[in-house]
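J.: If you scroll down you'll find the structure; I have some questions about it.
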Amino acid sequence: MNQVRDILITSALPYANGPIHIGHLVEYIQTDIWARFQKMRGHRCWYVCADDAHGTPIMLRARAEGISPESLIERVAAEHQADFAAFCIGFDQYHSTHSPENRHFAELIYTRNCDQGHVAQREIEQAYDPREQMFLPDRFIKGECPKCGAADQYGDNCEACGASYSPAELKNPRSAVSGAVPEMRRSEHYFFKLADFEGMLRDWTRGGGLQTQVANKLDEWFNAGLQEWDISRDAPYFGFEIPGAPGKFFYVWLDAPIGYMASFQHLCERTPGLEFDRYWGADSTAEVYHFIGKDIIYFHALFWPAMLHGAGFRTPSAIFAHGFLTVDGQKMSKSRGTFIRARTYLEHLNPEYLRYYFAAKLGAGVDDIDLSLEDFQAKVNADLVGKIVNIASRTASFIHKRFAGQLAANLPEPELFAEFVAAGETLAAAYDQREFARAMREIMALADRANQYIDEQAPWVMAKDPGREAELHGVCTQGLNLFRLLIGWLRPVLPATTAAAEDFLRIEPLTWQALSQPLLNHQVAKFKPLMTRIERSQIEAMLEASKADLTSPTAATTPDPDQNPAAPTLDPPLGATIDYDSFAQVDLRIARIVEASLVEGADKLLRLRLDLGGEERQVLAGIRSAYAPESLTGRLTVMVANLAPRTMRFGVSEGMVLAAGPGGQELFLLAPDSGATPGMKVK
RNA sequence: GGCUACGUAGCUCAGUUGGUUAGAGCGCGGCACUCAUAAUGCCGAUGUCGCUAGUUCGAAUCUAGCCGUAGCCA
């Protein structure tokens with residue numbers, strides 16, 4: 001290593017409406033390992049992050065909790081930072097996008113782009129919730145998929161059939177905020193003219209700062225043609241008002257990446273000698289790297305460099321995208337208990353286990369990585385406890401008992417030590433290229449060599465022969481020196497264990513430089529176990545606790561846009577308590593509406609033909625005021641199947657369908673999640 | 001639907017520019033050791049490299065199609 005580099009590193013900003021989970025941690029752990037590595041190499045390296053605190057979901061969540069958005073994001077920020085600290089994520093600065101610095105840079109970048117003519121204005125038509133008096137993002141409109149008819153789908157795409165569409169195409173659209181039927185309204189929006197930057201972006205893309213898969217993806221987007229980007233949102237919106245545009249706010253994705261700069265600015269303000277422009281000026285020679293998930297490549301590899309360029313700032317040196325986390329080969333699942341929050345993990349397991357496991361899985365690519373819980377336990381126990389820590393454990397006791405904690409003056413096998421040191425450069429290259437998995441494999445192969453060495457020498461045999469004192473001393477000194485190299489190389493991954501090892505060895509925090517020289521003639525402390533094994537019961541307990549999190553009432557649960565504003569008291573009030581048997585008498589079944597038709601002579605009723613999966617029923621339902629018959633055909637709902645038939649003027653009604661709401665247009669038919677089939681019992 | 005990745009031992013993954021009998025760790029079977037948090041060392045078994053066709057003297061590796069998985073479509 002020759003030259004000291006100036007490096008600024010970021011992780012994507014977590015959204016401030018929910019807790020950190022192990023999926024998030026892939027990125028923070030990956031970034032933190034890289035940042036710690038660069039620091040160990042002696043570079044001037046800064047790692048910053050922040051909470052992403054703006055946008056509609058946060059505004060609505062705060063409202064649902066009956067608090068201000070400011071207090072919501074303050075609370076979540078504290079939770080996030082506690083989780084990160086526990087996982088040893090060593091941010092130099094953790095800030096918020098809802099900060100004066102971020103307002104400053106958002107306005108500056110916008111204004112400069114505006115002045116250069118990169119912002120356009122025009123009216124667009126958008127869904128509007130008349131009850132809440134707000135425009136609705138696509139994700140806040142629900143209805144039936146226009147392609148396959150699946151109920152309860154979001155406004156942008158269908159989870160059942162995968163179709164993409166616009167909210168206007170959705171059948172029976174409803175606001176997820178209030179349940180009202182959205183209407184289309186016009187409003188003036190501001191657009192960032194991305195196409196102005198095509199040439200610059202094509203150059204930047206080819207500049208070597210992108211993984212090949214990502215560059216390929218960008219080519220696709222270039223070929224499709226760069227579209228203007230809608231960067232404004234109408235009030236009410238939690239964010240920054242656009243200068244000179246009352247009632248218009250910056251879209252959350254405009255000021256989110258600017259949060260990297262805001263956070264760094266804050267760091268500069270409290271760090272003597274650290275200059276913002278040295279890192280962000282147009283002619284900066286510093287390196288700026290963004291670690292992100294592959295889902296947000298678009299924002300970071302197109303809009304972000306373009307905005308920066310348009311405002312006279314430098315563009316990032318590189319963007320490092322990673323894949324998603326699966327657990328036991330599948331998407332994280334709440335019902336299986338694999339949707340594991342950082343906090344829940346911490347209550348059962350050592351954070352460094354997960355840091356090591358992720359390191360052992362991560363490469364420089366964008367592939368997804370799998371947390372196989374069985375493999376996790378086996379790998380951590382075998383590699384860290386069985387191989388690495390054991391090397392210290394099996395040699396330290398002799399150093400203590402026989403040599404009063406003093407290391408020998410020479411290494412018996414300096415060539416072996418030199419071989420290890422030489423491997424350190426290969427390892428450094430792997431770390432630098434973010435090939436952590438390769439680095440871990442090589443470190444473990446060296447740990448095998450160290451264990452073989454000790455086995456060959458058999459110090460326990462020497463210990464029985466008084467004439468071999470010096471030999472024994474040498475072998476154990478050699479063993480501890482090999483251990484020091486191994487744990488030193490693992491320092492970016494295992495900062496806490498390494499710190500404990502440094503205490504044991506009585507040495508300064510290790511650097512790559514320091515590792516090249518052996519530790520000799522040196523007094524070490526008494527050895528204490530550095531790491532214990534993972535028991536299966538700990539993992540089981542964590543999974544159980546994660547299942548329990550599902551129903552936990554803590555405020556910072558997973559975002560739920562469907563959640564209605566909490567009412568202080570229920571209206572109408574709750575009915576009298578019943579026991580289970582009373583409830584179980586009601587036989588609720590899933591039913592498919594095969595046909596719905598108007599009932600001649602009745603102004604409130606619809607005649608429904610319901611398929612119960614083998615049996616058909618006719619039900620006369622008083623829902624005509626809220627539903628057009630043709631809109632009901634084919635959809636699934638819930639019916640009371642064992643209600644006594646009732647003869648009405650227009651025929652016999654054999655049961656009833658369930659709907660919520662006071663009546664009139666305010667009636668909302670129940671629908672099961674996709675997967676339910678006619679005849680299934682509801683319980 | 002379009003596009004992009006991925007598919008190698010029971011599990012988790014390596015396999016560099018196509019080149020002999022395809023590798024590692026865990027797990028499994030056997031042996032040794034007992035310094036160490038039952039940790040360690042040695043030996044061993046295990047694969048139609050997703051399927052099919054092609055290019056080639058030669059394919060896990062290149063090409064096409066198919067199947068499966070994941071993601072993206074602003």
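The values are calculated or read from the model by the stated rules, or taken from the named source; none is laboratory data. Predicted, not measured: the structure shown is a model, and the values here were computed from it. Neighbour counts are summed over all protein chains in view; Cβ atoms, including those assigned to glycine, are modelled from backbone coordinates with ideal geometry. Heads up: the accessible areas ignore ligands, DNA and RNA and are worked out on the full protein's heavy atoms, side chains in. Shrake-Rupley method; radii C 1.70, N 1.55, O 1.52, S 1.80 Å.
J.: Just check region A:408-491 against the gyration tensor rule for me: Cα atoms, a ≥ b ≥ c as the square roots of the eigenvalues, rounded for a/c under 1.5, and otherwise prolate or oblate depending on whether a/b exceeds b/c.
T.: prolate
J.: Taking the Cα centre as origin and putting +1 on Lys and Arg beta-carbons and -1 on Asp and Glu beta-carbons, what dipole magnitude results for region A:5-134, to the nearest 20 debye?
T.: Value, rounded to 20: 500 debye.
J.: Follow-up. What fraction, in whole percent, of alpha-carbon pairs in region A:397-438 exceed 13 Å separation?
T.: Value for region A:397-438: 67 percent of Cα pairs lie more than 13 Å apart.
J.: Students often get this wrong, so check it: of A:LYS193/A:LYS217; A:LYS387/A:LYS464; A:LYS248/A:LYS294; A:LYS331/A:LYS547; A:LYS171/A:LYS248; A:LYS142/A:LYS193, which have C-alpha atoms separated by over 23 Å?
T.: Pairs exceeding the cut-off: A:LYS387/A:LYS464; A:LYS248/A:LYS294; A:LYS171/A:LYS248; A:LYS142/A:LYS193.
J.: For chain A, with all protein chains present and a 1.4 Å probe, just round the carbon and sulfur fraction of the accessible area to a whole percent.
T.: 50 percent
J.: Please find the FRET efficiency linking A:ALA660 to A:ARG336, where r is the Cβ-Cβ separation and R0 is fixed at 35 Å, and quote it to the nearest 0.05.
T.: 0.75
J.: Can you return the aspartates and glutamates within cross-link range of A:LYS39? Criterion is Cα-Cα under 16 Å, with same-chain partners fewer than 8 residues away left out.
T.: Leaving aside aspartates and glutamates fewer than 8 places away in the same chain, those within reach of A:LYS39 are A:ASP6, A:ASP92, A:GLU287, A:GLU425, A:ASP432, A:GLU508.
J.: Separate question: Write down the Kirkwood hydrodynamic radius of region A:274-383, to one decimal in angstroms, obtained as one divided by the mean of 1/r over all alpha carbon pairs.
T.: Values: mean 1/r = 0.0599 Å⁻¹.
When all Cα pairs of region A:274-383 are included, the Kirkwood radius is 16.7 Å.
J.: Oh, and also: If each Cα of region A:21-161 is one equal point scatterer, what is log10 of I(q)/I(0) from the Debye formula at q = 0.20 Å⁻¹?
T.: Here log10 of I(q) over I(0) equals -1.20.
J.: Rounded to the nearest 20 debye, what is the charge dipole size of chain A about its Cα centre when +1 sits on each Lys and Arg Cβ and -1 on each Asp and Glu Cβ?
T.: 980 debye
J.: Percent antiparallel among DSSP beta bridges with both residues in chain A, to the nearest 5?
T.: Approximately 70 percent, going by the DSSP bridge assignments.
J.: Just how much of A:LYS547 is accessible, in Å², when a 1.4 Å probe is used and the result is rounded to the nearest 10?
T.: A:LYS547 has an accessible surface of roughly 80 Å² with all protein chains in place.
J.: Okay, moving on. If you place +1 on the Cβ of every Lys and Arg and -1 on the Cβ of every Asp and Glu, how big does the dipole about the Cα centre of region A:236-335 come out, in debye to the nearest 20?
T.: The calculation lands at about 300 debye.
J.: Follow-up question, since we're still on this one. How far apart, in nanometres, would the label points at A:ASP455 and A:GLU269 be if each is projected 7 angstrom from Cα along the Cα-to-Cβ direction?
T.: Reported label-point gap for A:ASP455 and A:GLU269 is 5.9 nm.
J.: Would you calculate a helix-derived [θ] at 222 nm for chain A, using -39,500 (n - 2.57) for each DSSP H run of n ≥ 4 and dividing by the full residue count, to the nearest 500? Don't skip to the end; give the middle numbers.
T.: Details: 21 runs with 251 residues, N = 683.
Calculated from helices alone, the mean residue ellipticity at 222 nm is -11500 deg cm²/dmol.
J.: Further question on the same structure: Cα gyration tensor of region A:65-147, axes a ≥ b ≥ c as square roots of the eigenvalues: rounded (a/c below 1.5), prolate (a/b > b/c) or oblate?
T.: In terms of gyration-tensor shape, oblate.
J.: If I model a spin label at A:GLU169 and A:ARG139 as a point 7 Å from the Cα along the Cα→Cβ vector, what separation in nanometres do I get?
T.: In this crude label model, A:GLU169 to A:ARG139 measures out at 2.1 nm.
J.: Quote the accessible area belonging to A:TYR94 in square angstrom, nearest 10, computed with a 1.4 Å probe and with ligands, DNA and RNA left uncounted.
T.: A:TYR94 has an accessible surface of roughly 30 Å² with all protein chains in place.
J.: Which of the DSSP-defined H helices in chain A satisfy a minimum axial length of 24 Å, computed from C-alpha atoms, and a minimum mean Kyte-Doolittle hydropathy of 0.0?
T.: Helices passing the filter in chain A: A:252-269, A:414-432, A:469-489.
J.: For A:PHE105, what accessible area in Å² do you get when you roll a 1.4 Å probe over the heavy atoms of the protein chains, rounding to the nearest 10?
T.: 10 Å²
J.: Can I ask one more? Rolling a 1.4 angstrom probe over the protein heavy atoms, how many square angstrom per residue are accessible across chain A?
T.: 44 Å²
J.: Find how much the distance from A:ALA85 to A:ASP328 grows on full extension, using 0.36 nm per residue of separation minus their present alpha carbon separation; answer in nm with one decimal.
T.: Extra length available between A:ALA85 and A:ASP328 comes to 84.8 nm.
J.: Could I ask something else about it? From the residues A:TYR356, A:TYR453, A:LEU325, which one has its Cα farthest along the dipole of chain A in the positive direction, the dipole being from +1 and -1 charges on Cβ of Lys/Arg and Asp/Glu about the Cα centre?
T.: Result: A:TYR453, furthest along the dipole toward the positive end.
J.: What does the C-alpha gyration tensor say about the overall shape of region A:173-232? Classify as rounded when a/c is under 1.5, otherwise prolate if a/b is larger than b/c, or oblate.
T.: It is prolate, given that a/c is not under 1.5 and a/b is the larger ratio.
J.: Just to make sure I understand: if all protein chains stay in place, what is the order of A:TRP280, A:TRP460, A:TRP204 by accessible area at 1.4 Å, largest first? Display every interim value, and only then the final one.
T.: On the way: A:TRP280 0, A:TRP460 105, A:TRP204 35 Å².
Ranked list, largest accessible area first: A:TRP460, A:TRP204, A:TRP280.
J.: Largest first and in whole Å, give the semi-axes of chain A's equivalent ellipsoid, each being the square root of 5 times a Cα gyration tensor eigenvalue.
T.: Listed largest to smallest, the semi-axes of chain A are 57, 34, 20 Å.
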